[in-house]
1. Across the stretch A:223-240, what is the total count of residues that are buried (at least 24 other Cβ atoms within 10 Å of the Cβ) and farther than 20 Å from residue A:105 by Cβ?
2. Filter the stretch A:96-126 down to residues that are over 22 Å from the mean Cα position of the chain (by Cα), more than 7 Å from chain B (Cβ to nearest Cβ) and either outside any loop (DSSP other than H, G, I, E, B) or under 16 Å from residue B:314 (Cβ atoms) (or both), then give me how many there are.
3. Take residue B:166 and decide whether it is within 12 Å of chain A (Cβ to nearest Cβ), touching a residue at least 24 places away in the same chain (Cβ under 8 Å) and over 29 Å from residue A:102 (Cα atoms).
4. Against the definition (in contact (Cβ under 8 Å) with a residue 60 or more places away in the chain, more than 27 Å from residue A:261 (Cβ to Cβ) and crowded, with 24+ Cβ neighbours inside 10 Å), how does residue A:91 come out, yes or no?
5. Kindly indicate the residue of the stretch A:127-144 that is buried (at least 18 other Cβ atoms within 10 Å of the Cβ) and within 20 Å of residue A:216 (Cβ to Cβ) and also farthest from the other protein chains (Cβ to nearest Cβ) among those meeting that condition.
6. Look through the stretch A:270-305, keep the residues that are part of a loop (DSSP other than H, G, I, E, B), in contact with a helix residue (DSSP H, G or I) (Cβ under 6 Å, 6 or more places away or on another chain) and more than 7 Å from every other protein chain (Cβ to nearest Cβ), and return whichever of them is modelled with the highest pLDDT.
7. Please pick out the residue among B:103, B:117, B:112, B:93 that is buried (at least 24 other Cβ atoms within 10 Å of the Cβ) and more than 8 Å from every other protein chain (Cβ to nearest Cβ).
8. Of the residues that make up the stretch B:121-132, is at least one within 11 Å of another protein chain (Cβ to nearest Cβ) and closer than 24 Å to residue B:284 by Cα?
């Protein structure tokens, strides 16, 4: 690695972190946008980690058998949406706790993915192409750093679209009302439960595609250690972003950058503290939670019906 | 009792359908699971061995649950407990073995108690949701273990698997006479029994349940809610830390990444199946330990992936939680709400009179 860094000197480090941030942040972005929609409806799906792994497995499998990575992404999204549907329906039953169901979905999704994914570990499926934004440069390092996956761009577009949709569309308003006050939603004649189930399904769909990014682009293969808790971090990230899609985008890049810092430093030969850097996103989230929460007061921006916030 | 048993049966049926769908015989699979878990004295010992940490990590969830908290960070508390135990083991090397063992276990429990207690404290004083904070702390705890084990506390002699310096052989916790099962099982079971006794028969348990049921009413009744919440979280964390210490002192001999083996997460499952009852945690942990131990058998005999056990656990967990919706739907269990409220009020009144020391 030291050989390539000398080509553009120490600038390689920030460049690598930027490239890494974009790569690493894409699953964060997709999962957190999905979770943002779910949480806006007043539910929390803690099982997105399982959905993500399930999406990674099924996306990889679909890409392998159909030969089209994009069909893989779609398949991963559909599987994710089905898991979202399961979570949404079960949590609509009386007395069923959405946080606990989330943990169980995490377990089930992980188990199923590992089970069904056993035959997929060896073969190499066709992976997603990327768009070479670095064509103008002669430096191979810049070129490789600016290979950007369309899913990242889709995520950015979605974040912007959601930012407006939450404020300015009927659909967004309905979602927020359902999430903020069940009583108000009922008074306005909205059906609370179908909205929440749909929101959880969309969340699952996005988490599934986030998983497909992992198995079909970066790192680009299927194995059992593929996810390093992205699904969990994304849930925390939504709180960190205070339920704002655009802030989800910045936060994903920040977390992605923190995640990319470790490998980049390791490539430079700095290995100590690698594990502490891995924990950086968790420490960051906890810090934000501690700073913004206060007893007897909700976190600003939090949906009122969120079981997470109600003590 | 009826609902969880029924739920487990439903989960078994679903799992049978899954096994059938992938082209295996459900009867063979269940037969092997039984054989691998409880079919011989050898498999019983294996099951008890895997059950021993699960009892404690189950308590990690069940004790705070009495005060109305959902704690899911047992894994990190276990990891740090293991680290604390290893450090204590190195420091207490010269002491008589029994004392050193005691010190090692206490060190693990204290570290675990601090870690989950932090979640309780954050909930009380900062209003941070304890489920999320315990999960975040769990990942931080595991990262801290990895950092210390591969960094400042690494034993240079541990080449293949970075570990802390091993605790001396004399201080290791031995096996039960005539068995391949270490004393950790007894410690875990005793903890569960004592917890059950305290919760069931003392004012401590009563106060905890009151705090969990209605914090404001408890405050009015003079209970120091903050202390109870932090205390319950810390007690749960102590159980996880103890589990980590036992892993070090009875199995691994040093703290390393092997102690992070999903016991914390399986403990959540244990506690929920046991419906947060500390006594029920023991048989549920043995059942789940048995299923874990039988996983290898499925792998060897039927060539099924080791994740089969995870699928079964996932299905059981989903069904058990869904069955919560049935609680209170049967006539016999139903209590009119007014009567319930009256009995709670009366109970709080008794608590005040019998436990005057709790008044602020």
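1. Of the residues in that region, 1 qualify.
2. Adding up the residues that qualify gives 3.
3. Working: within 12 Å of chain A (Cβ to nearest Cβ): no; touching a residue at least 24 places away in the same chain (Cβ under 8 Å): yes; over 29 Å from residue A:102 (Cα atoms): yes.
Answer is no for this residue.
4. yes
5. A:128
6. My answer is A:303.
7. Working: B:103 fails: buried (at least 24 other Cβ atoms within 10 Å of the Cβ); B:117 fails: buried (at least 24 other Cβ atoms within 10 Å of the Cβ); B:93 fails: buried (at least 24 other Cβ atoms within 10 Å of the Cβ).
When all the criteria are applied, what remains is B:112.
8. Yes, the stretch B:121-132 contains a residue that is within 11 Å of another protein chain (Cβ to nearest Cβ) and closer than 24 Å to residue B:284 by Cα.
The values are calculated or read from the model by the stated rules, or taken from the named source; none is laboratory data. Worth saying up front: this structure is predicted, and the values here are computed from it rather than measured. Reconstructed Cβ throughout: ideal geometry from the backbone, glycine too, with neighbour counts over all protein chains shown.
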